[in-house]
Each structure stands twice: as C-alpha cells, then as structure tokens.
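One structure below.
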Amino acid sequence: MSFLSGENMTGGYGAADILHDCTIAVEKGEIAVIVGPNGAGKSTAMKAVFGMLSIHTGRVVLDGTDISGLSPQDRVKAGMGFVPQTNNVFTSLTVQENLEMGAYIRTDDFSETMERVFELFPILKEKRNQQAGELSGGQRQQVAVGRALMTQPKVLMLDEPTAGVSPIVMDELFDNIIEVAKTGIAILMVEQNARQALNIADKGYVLVQGRNRFTDTGEALLANPEVRKSFLGG
Amino acid sequence: MRIHRNVLLFAGMFGLLAIVGFGQSWSVALTIFNLCLISSVMALGVNIQWGYAGLFNVGIMGFAALGGVAAVLVSKPPVTEAWSAGAAGIGLAIISLGVTIAATIYARRKLTGRRRSLVSFAIIVAGFFITRGIFDPSVSAIEAIEPAKTGYLGGLGLPVIVSWAVGGLFAAGAAWLVGKIALGLRSDYLAIATLGISEIIIAVLKNEDWLTRGVKNVAGLDRPVPREIELQNTDWFISLADTLGTNVISFSSIFVKLSYSVLFAVVLLAIMWLSEKALKSPWGRMMRAIRDNRDAAEAMGKDVTRRHLQVFILGSAVVGIAGAMLTTLDGQFTPGTYNPLRYTFLIWVMVIVGGSGNNWGSVLGGFLIWFVWIEAEPVGAWLMDVVTSGMSEGNGLRDHLLKSAPHMRLMVMGMILLLVLRFSPRGLIPEKGGR
Amino acid sequence: MTDILNALILFANFVLVPATAYGAQLALGALGVTLVFGILRFSNFAHGDTMAFGTMVTILVTWWFQSMGVSIHPLPTALLALPFGILATVGMLLATDRLVYRFYRKVKAAPIVFVMSSVGVMFVMNGIVRFIIGPDDQRFADGERFIIKARDFKAATGMAEGLTIKVSQALTLGIAVIVVIALFWFLQRTRTGKSMRAFSDNEDLALLSGISPERVVMITWIIAAALATIAGTLYGLDKSFKPFTYFQLLLPIFAAAIVGGIGNPLGAIAGGFVVAFSEVTITYAYKKFLRYLLPENLEPDSLVQLLSTDYKFAVSFVILVMVLLIRPTGIFKGKVL
Ligand SMILES: Nc1ncnc2c1ncn2[C@@H]1O[C@H](COP(=O)(O)OP(=O)(O)O)[C@@H](O)[C@H]1O
Ligand SMILES: [Mg+2]
C-alpha cells in the first residue's frame, strides 16, 4: 500500500473521459515522476489526484484512507500540497504574502516553516517584499513550491515545475526537490524534461492517451530501449 | 407538442385581453393591445441582441427616445423663421464638430507619444470653442422665436409613418457609436456604456430646446390614421356605425385604435418574419455559435466583435422603430416621461420572461408583461385597500401604504426578473434546441 | 493682486472645495464597486441603490434619534445613526447574496448573468426604498452647518469674495480619509485582507491554498455595504437624499472605478477625484472668475461655462469612453479585460 495512490482512475472534464484506468502512486520520501507526450493527460491525472475534477471510477488513497470524496481544500488540510502548471503564484502579492497565503489554513505559528522555505530558496528571502509578478520564471517557480510547502504537506505535487526555466535553474530546482524529498515528503511530479526527471526519480510513469504505458523505477525506464526510443528521443 | 403549448399560451393571452374587453371596455382592451404590440417590437429588438448574441443593453430607453425624436423631426412642419434665424449656424456647428473629430483622429494616427496627446488636446479645445462660438448664438436665435409655441427648428413636415424608419436609423447610428467603443471589451462595459448613452440622450432631449423643445414637449404630432372627429363627420363611417348598430362616437374611438393596431401589427409581423428568417439563416446559426462558444468561434477565424456590432446595431434599430411608433401613438413627444424603469427594465423583463433567444417568446413576453404592468396598478391599489381596511382613517401607516402602492410594481417586476432568471432561465417559450 | 486672490478664493469656493467633497464621495462609492468586481468579478449595477438603501435606513434612524432629542451637536445626528444604516445594509447585501448571487457562483454562470441579476436587484432595492421613504427629496442634516461662512471670511480677510466650508464637506473628507486608511490597513496587513487580495488575484490558487471563497465573498459584501452606506450618507448630508439621484450616481461611480483600473482600490480613489474634478470644472461658469483676471475690455459677457450642469453625467461618460478607447485597463492597471 503506497502512501498516496490514485488507483484505476477514469474520468475527465466533461462528457469524454481523458483518463482511462490510470494508476499513480508515491511513497514517503520518494520522488515519482510522470512523463509522456503533450496532451497525454498528465496534468489531468494530477488534478484527479487532487480532487479538482471528478473521476467516476477508481479512488484516491492517502495514508490508508480513501479521500476520493474530499474537496481540494480538504485535501490541503489532509496534508497534500499542489503546485499547478500555470498561474501558480499570486502575482500582485509580495513573495512573503504568497508564502503567508500558502499557510492560510494553519492556525499555529508558521514563521519557522517560512524560515525553512527561505533556507531552501535563499533568493526568496532577499526578494520577500517584491511582488511575485516581478520575479523571473525560475524564482516564480520557487515561490510556487515554497507556497505549497507552507502547509507542511506530507505529499507535494508539482506540475511541470521547470517549465520555461533555463537548464541551470532547472538543475537547481531539481536539487531543491531532492532536498524536500529527503525531509520525508512524498513528491509526485509531472515533467517535460523526461530524461533529467527520471534521473532523480525513484519511480516513473509513462502516460499515453490517459493510460499507463510503462511503470517502473526511474533507472529501469531510462534503460528501457522502447521508452528511450519513443519518449526520450533515442 | 411544443407548438401546441405555444398556441395555448398565445390563446390565453388573447383571452386575457378579451376579459378586459368584456369586463372593462373594448376601448381599454385596445389601448392595452396597441401598447402590447409596440412592447413586442421593442422586446424583439432586445432579443436580437441578447438572445442571438448575448449582448446586454441597459440603454433601451435612449434608443426608444431617439425613435421619438425622429417622429418629431420627420412629421412636424418646419418653422421657417427659425430655419432662417439659426439653421445655417447649427449646420456650421455640426460641420465644425465633424472637422474637430476628424482632425483629432488624424492627429492621433499621425503623431506619437507626448506630441500626440498635446496636439489632440489642443485640437479638441480649439474645436470645442469654435463649435460653441457658432452654436450658441444660433441656438438663442432659434429658441427666441415664439418660445411658447415653437422655439425650435421644427421638422420636415413628412407623414409621421416615415419617421418609423428614420427612428430606426437614428437608433442604429447611436448603436454604431456605442458598439464601436464598448464591444470587444469585457461584456460589462457594453452594459455600462449603454446605460451612460441612454442617460445622456435623455439629458440632451430635455435640454436642447432648439431640437425638440426640451421639456416644453412637442404636442399635436401628425397621425397616420384619421382623427375621431373627422370620422364622426364622414358619411360612410356614420352609415357603417348605423349598420353595426353602434354609437358613432364610441365606434370612432375604437375604429381609430383598431387602425393603429393594424399598422403596428404589420410592423410587428414584418420584423418578426425577418428576425425568424435571419435566425434560421447561416448568419443566425453563426451568431448563436459565437454566443455559445466565443473562443471556438474566434479560433475558427470569425470576427466576433464585428458580428456583435452588426447585431447590436440591428437590435437597436428595431428598438428605435418601436420608439417612433410609441411617440406616434401618444401623439406627443415628452422627454420628461422617459425613465429607465418603464423603457429599459420592463423590456428586459419581457424578453427574459418570454424566453430569451426565441422571437415568439419575446412577443408573448411583450404582451404578457405589458398587460401585467397595466393591470397591476388597479390590483395593487385594491390589495392595499384590503390590507389597510382594518386601519382607521387617520392612521399614518395606512396613508403611507396607500400612497406607496405604485412603488410595489417596481419591486414586483424586479422579483419576477430575478425569479425567472433563477428558476426558469429559458422562459415561457424556450429557444429551440436550447443552449 | 487682490484680483488674483479674489479669483482664487472664488475658484476654491465653487470648484476646489465642492469637488474635493464630491470626489471623496465618489471614491468611496467606486471602492465598493471595485471591491465587488475584484472578488465577484462583475459590475454591480445595484451599488447606487445600495447606497440609497443604506442612506434611507440612516435617515430613518436619524429621525428617530431627533424625535427622542438625541443629538451630538455640532455634528449631524446622522453620524450616530450611520452604524445602524451600515448594519441594515450588511444584512440586506448578505441576504441578496444568499438569495441571488450564490446560486450563480455555484453553477459558474457567465459574468453577464451576474450583471443582469444585479440589475434585477437594483430595481427591487429601488422599489423598497421608494416604498418605505418615498421618491421625494429628504433632508436630514442637522447640527452646525458651516465651519467657515462666506460672510465671516470676508469680514476677517477684507476680500470681496468669500469662502464657505460646510461641516458636511469637512466631514466627508475626514471620514473618507479614515475609511480609506482603515480599508488599506485591512487589505495590506490582515490575514483576511490578504486572502481577499489573493482571491482577487488568482481564484484557483486561492482555493488550493484553502482560502474559503464563501468567506471572502461574505466579507466583501460587508465592506461594500459599509462603503456604500457611508458614501451615500455623506452625499446626502452634503447635498440631499433622493432615490433617483443615487441611481444616477451609478454612472460617475462606474466611470471612477474604470478610470482608475477596475478591481484596483487605489485606482478607485484616484478615479473618484478625476471624475469629480472634471465634472465640476467643466460645468462651472467662469464668468466672474475671468472678470477678476482679465482686463476690462476683454471681460466675457456669456457665462463661460463649458457645459451646462444638466450634462454633468455626460462628463463621466466622456471620461469613460476615453479610457475605454485609449487605455481600457485604467490608470492603475486594473483587471485585464
Ligand atoms: N479544462 C479542460 N477542459 C476540457 N478539456 C481539457 C481541459 N484541460 C485539458 N483538457 C484536455 O485534456 C487532455 C489532456 O490534457 P492535459 O492533462 O493538460 O495534458 P498534459 O498535461 O499531459 O499535456 C487534452 O486533450 C486537453 O485538450
Ligand atoms: Mg500539462
């Protein structure tokens, strides 16, 4: 039994199903990566796990309890954090306010968590009073991840955290993510940069047309010639 | 099945009018009927905008008033002294205004940055003062001529029925202006802009005496049908009344009202026929496709803003026609009586209750809501009588309730709109195929 | 020299002071419209009549206080009644939200449906106000009327022109400043205020952060009710209360909100003053003013009024049109279209 799993999920946005019997799981302290061609339903699978669209078959289980019926807000309270693919920061709020909003549901003192985030992303501390909309792409992604970390989630879900950032920044972000995983948080991540992502992944899922095509360890997928040929560009 | 239901709905509507005919009088029933017809035309115009394209026009009143202006400007005889006193000046002022606008647009196209703002500002200021310099003396000259009787330019002295078309044109012109500015932006902005333009149109009509005598009103408009008094002195009419065995005087009043009914009905049917044809044409299908999924239509290369402008102008023109018909029926133009409740809001209730997107629905809504509006007054007063019957003569609350009864209608109409919007958004006669 | 001073006093008396008070009233009104737009994302056509409703309740309570002899002389009794007006309006707006708007939020209706139902709400409120207090002018100002009277000013300064400052004008400005400071403190410094800004900025992300939309909406209506009642009461004290006037205020208020950048509170304040000053300067008759400044042979014999006061709403409209044509996002970049 995995820590977080979406099991046999089938569903979509409206009449037509996008996901077909799709299963995704991740363990505490591990990194699971979903890769696949554009439009494969990766983001949709993430939203399904987070309860942002209804699945009519299958279920989502967190730490042994079925959470399929919970709203996204309740899943946040249950210990899940989500960084969407787009529009993932409050552009008109300062960096610090973004983090505060991440901690909105917390009633205890969260200054320590914020310090932790600042340790992880030192540049954010420097720019704490700047509007998030004025930051560079990579810094914005850091704000987005930082915001999601403010609830001290047990699972962190990231949808293409490295989209549109330079390779150097990408490496940095991956390092940060590994560090977060080391603190015992389960990380479920969608990535376009499949090769680099699978490199740091404990587990990898290749999604095609809403179905699981390959599921294995990151290493094994990188070694799999069929995966290499179709999805990693040789 | 549905056809059946709709026929029943209309039959019921005519039944209501017949009850008024038998119960109160046929003259009253016909008065209501005529205004029902005009309301239906207005509702059709609004339905073209809302039902076909999802455009929310909060300035129906202004477009209707422009129709009223047309009735005056077309049918009243020209005031020759006023023309010689000031018409040239007014014309010159209009040209000066046009030149100012053209020059501003030209400057904005040619220049950039700070220069652009400064130059356009200078042109506007200079143009304003030149225009006013020509305009003001001419206005005073015109308004000085027999202010109690005329004091305005008068009109063209044509048959008033011509004004129905001209009213449509006036409204179309105003719609073009507003649409150019507000369409293509957030949908709220059209609503705000139409609200603004209609308030301004009314303000202009109340204050520009040289044009339509302002709040002094223009009475005694030409009529498209004979006058009662003429009929009463016409041989064939008297003998007709004799054969029918009715009183000549009351029959003349009914006959005149019936003549209006025929004219209005012809207009209504013509517009109805055109609207239905348009709705079923490829153009109508495209309009609805745009309404239902704007993004998809845009992605397919449709120029949505242009289509919206088209439909907005067409709908406003229909409202303008109805406005001219209304002023014709009244026989006088009274800018002071235009208020948004009667001329904008009530029409909206008609469209929504009737069934947005369905022309038959708008016609039914026009009939039903006008009927309710008129009959609500005596019913409301009666209701208040009943409520206050237990209270003593001098009771302050009783007096207050009796005095406030008319305002109940406002609330009731607002409630009806909200309730239909919420619980039956497709209205009495829903759009075929639906959204 | 005295001529120039007299001209300035004249200008201050008829333009500066009244326009400042009017600008503050519009700013408060526009703040309400802009907040509702920022959070609920529609132009609230019922805002003018919400102002009328709040003012009406304030007036009724004022009359009641007056009849009991309660007074805070030299200040108008209406200030004492204001909290009651606000409370009633809060109740009213929360009820309309519950009965009307909440459903459309749930079904994610198109913005124009919200606008249309707000027009329905406008007419219901308008009906309620006319039903209760009637359609006529009501006066409810009491207490001291002037801070500076023209006569005293002339006597003290020896100038030909006098300067009048009404209590209502000073009150308007003072209260507006306090309200705006409180509002900005709330939005910038408190957790709830920040959550409202976050919600306005990015609704989906706000939901993902656990911000409750219903709570944000509720607080927005409460603030809008308070702003509307305060704006309406101040306007009524300064001029007079008539339901139809409040409906007509909708246009300058919308213009102010859009000029500033709709959804942007700072913009609403700037917009309020832009609209008020344009309206007053354009409809002011400069004849006497110019007579002080120009040599005798150049003195104008007309009123030198750019636009008659009957057209003051046209000024708002023209401003609105210019903004829509030139910079639809307003001065301070508001919500994108
Ligand atoms: N909000 C939405 N409503 C309807 N269909 C959507 C929506 N978002 C995505 N889709 C469709 O779902 C499919 C999968 O999209 P997505 O999950 O975003 O793919 P990926 O993230 O793998 O690139 C695509 O066909 C896309 O068109
Ligand atoms: Mg995606």
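The values are calculated or read from the model by the stated rules, or taken from the named source; none is laboratory data. Note that the coordinates shown come from a computational prediction; the quantities given were computed from them, not determined experimentally. Here the Cβ positions follow ideal geometry from the backbone for every residue, glycine too, while neighbour counts run over all protein chains shown. All accessible areas refer to the heavy atoms of the entire protein, side chains included, with ligands and DNA or RNA removed. Shrake-Rupley method; radii C 1.70, N 1.55, O 1.52, S 1.80 Å.
Some notes on this structure:
- Rounded to 5, the percent of DSSP beta bridges in the protein assembly as shown classed as antiparallel: 60
- Of the listed residues B:PHE10, B:PHE264, the order by accessible area with a 1.4 Å probe, largest first, is B:PHE10, B:PHE264.
- Taking the chain by itself as reference, region C:163-206 contains these residues with an accessible-area loss of 50 Å² or more in the full protein complex (1.4 Å probe, heavy atoms): C:ARG191, C:LYS194, C:ARG197, C:ASP201, C:LEU205.
- Using a probe of 1.4 Å, the accessible surface attributed to B:PHE367 totals some 10 Å² when neighbouring protein chains are kept in position.
- Nearest-0.05 FRET efficiency for B:ALA278 and C:VAL107, computed from C-beta distance (R0 25 Å): 0.25
- Cα long-axis angle, helix C:111-133 against chain C (0 to 90 degrees, to the nearest 10): 60
- Helix-only [θ]222 nm of chain B, DSSP H runs n ≥ 4, -39500 (n - 2.57) each, per residue, nearest 500: -25500 deg cm²/dmol
- Distant-in-sequence amide contacts of A:ILE55, defined by a placed amide H-H separation under 5 Å and a gap of 5 or more residues or a different chain, comprise nothing.
- Shown are C:THR50, B:THR305, whose ranking by accessible area with a 1.4 Å probe and every protein chain present, most to least, is B:THR305, C:THR50.
- Amide H contacts under 5 Å for A:MET189: A:ALA32, A:VAL33, A:ILE34, A:LEU158, restricted to partners 5 or more places along the chain or on a different chain, H placed in the peptide plane at 1.01 Å from N.
- The value of relative contact order for chain B, using C-alpha pairs under 8 Å at least six residues apart, is 30 percent.
- Relative contact order [Cα under 8 Å, 6+ residues apart], region B:41-194, whole percent: 41
- Carbon + sulfur, % of accessible area of the protein assembly as shown - ligands and nucleic acids excluded, 1.4 Å: 63
- Environment charge at B:MET411 (Cβ cut-off 13 Å; Lys +1, Arg +1, Asp -1, Glu -1): +1
- The mean accessible area for residues of region B:79-153, using a 1.4 Å probe and ignoring ligands and nucleic acids, is 63 Å² per residue.
- Unit charges at the beta carbon, dipole of region C:2-326: most positive-side option, C:SER71, C:GLY127, C:PHE103: C:PHE103
- Charge dipole of the protein assembly as shown about the Cα centre (unit charges at C-beta), most positive-ward option of C:VAL318, B:PHE367, B:ILE134: B:ILE134
- Buried solvent-accessible surface, both chains (C, B), 1.4 Å probe, Å² to nearest 100: 4200
- Ranking A:MET46, B:MET286 by solvent-accessible area of protein heavy atoms (1.4 Å probe, all protein chains present), from largest to smallest, gives B:MET286, A:MET46.
- Relative to the longest principal axis of the Cα atoms of chain C, the long axis of helix C:17-40 lies at roughly 10 degrees.
- Using a simple spin-label model with pseudo-atoms 7 Å out from Cα toward Cβ, B:ARG342 and C:LEU303 lie 2.8 nm apart.
- Along its three principal directions, the equivalent ellipsoid of region C:2-326 from the Cα gyration tensor extends over semi-axes of 37, 24, 18 Å, largest first.
- Buried accessible surface for the C/A pair, both sides summed and rounded to the nearest 100, is 1700 Å² with a 1.4 Å probe.
- Charge context of C:PHE153, other residues only, Cβ under 15 angstrom, K/R +1, D/E -1: +3
- Lysine pair count for chain C with Cα-Cα distance under 26 Å and sequence separation of 8 or more or different chains is 26.
- Calculated FRET efficiency for the pair B:LEU419/B:ASN395, C-beta based, R₀ 41 Å, to 0.05: 0.80
- Unit Cα scatterers, Debye sum, region B:79-153: log10 I(q)/I(0) for q = 0.13, 0.14 Å⁻¹: -0.48, -0.53
- Only lysines eight or more places from A:LYS28 in sequence, or on another chain, were considered; those with a Cα closer than 24 Å are A:LYS42, A:LYS47, A:LYS77, A:LYS154, A:LYS182, A:LYS203.
- More than 55 angstrom apart: percent of Cα pairs within the protein assembly as shown: 26
- Placing +1 on the Cβ of every Lys and Arg and -1 on the Cβ of every Asp and Glu, with nothing else charged, gives chain C a dipole about its Cα centre of roughly 900 debye.
- Counting only lysines at least 8 places from B:LYS280 when in the same chain, those with an alpha carbon closer than 27 Å to its own are B:LYS180, B:LYS302, B:LYS432.
- Net +/- balance of residues flanking C:LEU324 in space, Cβ distance below 13 Å, scoring K and R +1, D and E -1: +2
- Most mobile of A:GLU160, A:GLU112, A:GLU100 in a GNM of chain A (Cα contacts under 10 Å): A:GLU112
- With all projection directions averaged, the alpha carbon convex hull of chain A covers 12.2 nm².
- In Å², nearest 10: area of B:LEU244 left accessible to a 1.4 Å probe: 100
- Accessible surface of C:TYR284 - all protein chains present, 1.4 Å probe, nearest 10 Å²: 30
- Residues in region B:85-99 carry Karplus couplings, in order, of 6, x, 4, 4, x, 4, x, 4, 4, 5, 4, 4, 4, x, 4 Hz; the curve used is 6.51 cos²θ - 1.76 cosθ + 1.60 with θ = phi - 60°, and Gly or Pro positions show x.
- Quarter the surface of the alpha carbon convex hull of chain B and you get the mean projected area, 28.2 square nanometres.
- With Cα atoms, 0 to 90° folded angle of helix C:78-96 axis to chain C main axis: 30
- Threshold 50 Å², region C:297-336 residues less accessible with all protein chains present than alone (1.4 Å probe): C:LEU306, C:TYR311, C:PHE317, C:LEU324
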